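To start, I am sharing the structure in question, which I have written as structure tokens.
Bear in mind that the values in this text are calculations on the coordinates, not laboratory data. Since this is a predicted model, take the numbers as computed values, not measurements. So basically every Cβ, Gly included, is an ideal-geometry build from the backbone, and we count neighbours across all protein chains shown.
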Amino acid sequence: MNPAIAERTIGVLEPSKSRIDRLGEWFSAEYTGLLRFAYFLTGDPAAAEDLVQDAFVRLYRADRHIEAAGFRAYARRTIVNLHRTRFRRVGAERRALIASGSPEEHRSPEPTDHVWRAILALPKGQRACVALRFYEDLSEQETALTLGVSTGTVKKQMHRAMRTLREALGERSES
Amino acid sequence: MSIDDEIKKAFTRHESDVRSRPGAWSDIEGRIGRSHRRRMIAAGLGAGLAAVAAIVAIPKIGSQQPQPILTSPPSASSRPTTAPSRPRVVAKIRASVFALAAGSDSLWGLESAAGGAKPASLIRIDPRTRNVVARIQVGYVPGAVAADSKAIWVTNGSGCRVVTCADASAPTFRFPQQNSVMKIDPATDRVVASLRVEGPQDVALGFGSVWVTTTGKATGGTVVLRIDPDSGQVVATIPLGGSKVEFAHVAVGDQSVLVTVSSAGSQFSEVAQIDPATNKSSSAARVMRGSTLPDVAAGFGSVWVTTPDQSTPSALFRFDENDNLNTSTIPLPDAAPIGLNAVTTGEGYVWAVSARGYLWKVDPATRKHADPTTIGATPPDPADAVVTGFSYVWVASGDGQIWQLSP
């Protein structure tokens, strides 16, 4: 057998133990935090779990070296990107279902917590910024790094999100 | 309180909405393992093509003998031993059905009759658009549906779907609404034949025949009818015994036809095996009975029977189809008193649904299962039927919807 081909073939026969082990360690350390972050993005526990699972599979398949220090940001960015993709796909499916007269899609119960409801009503980009800023206590720079956008974008998103939340919560307190 | 504090507190309040599930890492490991298998196959194919190219090319170049490149298939030891990942819900279709079949490019579901006021319907669903494209009137008490590329078959019972209600209270209908097996032409969506059959229950297709379980009128035991699909003639009558039998499920395997025989009052159910070459039956297994009747499926060289286990009401009993040996039980952790309603095979896995509304996915090679997927609402709606087809798994839920899941 051509040694070069044999090496390549054997190279894919077994998943790299070290990569899986390392991912397993990160899973132990980060899973709960990532699950909460995904939940804050989606507002749906089941969708959050699927999202994080997809993210770990994506991280494994990414075939690139990820340092432990950068894992947290990279994982969150993967979750945001997957959520964006899924949002488009689910949106298309929902439109197809509505067109077919079956508008039943994953639908979580309407939240009764008014602040929470206002947060979940934010556009997904703004919600991601708010979650990272207020729950994860990240700076604007760290939020920008995590989302893969500029600091200016984060500032703009945060400004819009806070204006929306003030209006929503202000209207509630007035009513 | 400032708005910043309100937002922070809202996040903190909802931290506990999600919790880390014990099997989550196993799911991920399973998916990573599968992705590796796919890569391995791709690499094997690539290397194989290279080898073929070498074999073809080298003799043309000279006298050098070709050296085949050996790319081993995945060995049992390289197979992932972790649990499979959970299936993903893709969509739900508003349709209240209790039985499902896939065939003739469509998904077929049996709707219950509305209080016996009018006959029930067989609905036809386009799996691509998820639209109900036809509604075909069948009997008042349909029992089961089976489909292949040529026809769809529906059994119509005599008044009670499961023969446990008092016969005196059963409404009376006339043939063909009762005691019949209907044949539906998928080209026209019309009933093209109604065969008079006493007490038909389940139906399956295979070995060029329609197999129908019935309650034998004379004995009260289970009798299997083998019907020619073209002529509608009963070509064999196969008595399986039992007394006052309840709903008998039937499944077609690679080499045999499998039937469950459950007599009222017995703690056990028999699994009978029919040789299609001789139409002779033999007892293949005996399983415990729980609060739900055992269902049977065949696939991956095995027979899979729903049964309770000592530890759980939801378990699968498995044995080799060819010799009834190499038995094993796969417990699917669940809480009493309810158990599994149905089992099927397809899309690379064994699938079972429970009265609790769980969908279980079992790897037939490793016999490991994924954590259950909850189907329906909470408190649980029972999942009544499961079928695979068109690269998806379809579950009939008591919530009045058919759930479509990606395996």
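Long-range amide H contacts for B:ALA134: which residues qualify at under 5 Å (H placed 1.01 Å from N, peptide plane, sequence gap of 5 or more or a different chain)?
Under 5 Å from the amide H of B:ALA134: B:ARG124.
Binning every alpha carbon pair distance of the range B:206-324 at 10 Å from zero, what are the percents per bin?
Per 10 Å bin, starting at 0, the Cα pair percentages come out as 15, 46, 32, 7, 1.
If amide H atoms are built 1.01 Å from N in the plane of the peptide, which residues on other chains or at least 5 residues away come under 5 Å of the amide H of B:ASP295?
Correct list: B:THR306.
Whose amide H sits under 5 Å from the amide H of B:PHE247, counting only residues 5 or more places off or on another chain, with H placed in the peptide plane?
Those qualifying (amide H under 5 Å, at least 5 residues apart or on another chain) are B:VAL163.
Apply the Karplus parameterisation 6.51 cos²θ - 1.76 cosθ + 1.60, with θ equal to phi minus 60°, to every residue of the range B:9-15 and state each ³J(HN,Hα) to the nearest whole Hz, in sequence, with x for glycine and proline.
Whole-Hz 3J(HN,Hα) from phi for the range B:9-15: 5, 4, 4, 5, 4, 9, 4.
Using a Debye calculation, one point per C-alpha and no hydration shell, please list log10 I(q)/I(0) for the range B:306-376 at q = 0.26 Å⁻¹ in order.
Log10 I(q)/I(0), no solvent term: -1.26.
For a quick check: sort B:ILE227, B:ILE238 by the number of other beta carbons within 10 angstrom, fewest at the front.
Numbers: B:ILE227 21, B:ILE238 18.
Exposure proxy ranking, most exposed first: B:ILE238, B:ILE227.
Quick one: check the C-alpha center-to-center distance for the range B:317-358 versus the range B:270-304, whole angstrom.
13 Å
If I model a spin label as a point 7 Å beyond the Cα along the Cα-Cβ vector, how far apart are those points for B:SER2 and A:ASP137 in nm?
It is 1.5 nm.
Follow-up. In nanometres, what is the gap between the two model label sites at B:ASP275 and A:GLU25, each 7 Å from Cα along Cα-to-Cβ?
Label-label distance for B:ASP275 and A:GLU25, simple model: 6.0 nm.
Here's something else I'd like to know. What order do you get for B:LEU359, B:LEU340, A:LEU120 when you list them from fewest to most C-beta neighbours inside 10 Å?
Values: B:LEU359 24, B:LEU340 30, A:LEU120 19.
Fewest to most other Cβ atoms nearby, the residues stand as A:LEU120, B:LEU359, B:LEU340.
Please order A:TYR39, A:TYR74 by the number of other Cβ within 10 Å, starting at the fewest. Please list the in-between numbers first.
Values: A:TYR39 23, A:TYR74 19.
Listing A:TYR39, A:TYR74 from fewest to most nearby Cβ atoms yields A:TYR74, A:TYR39.
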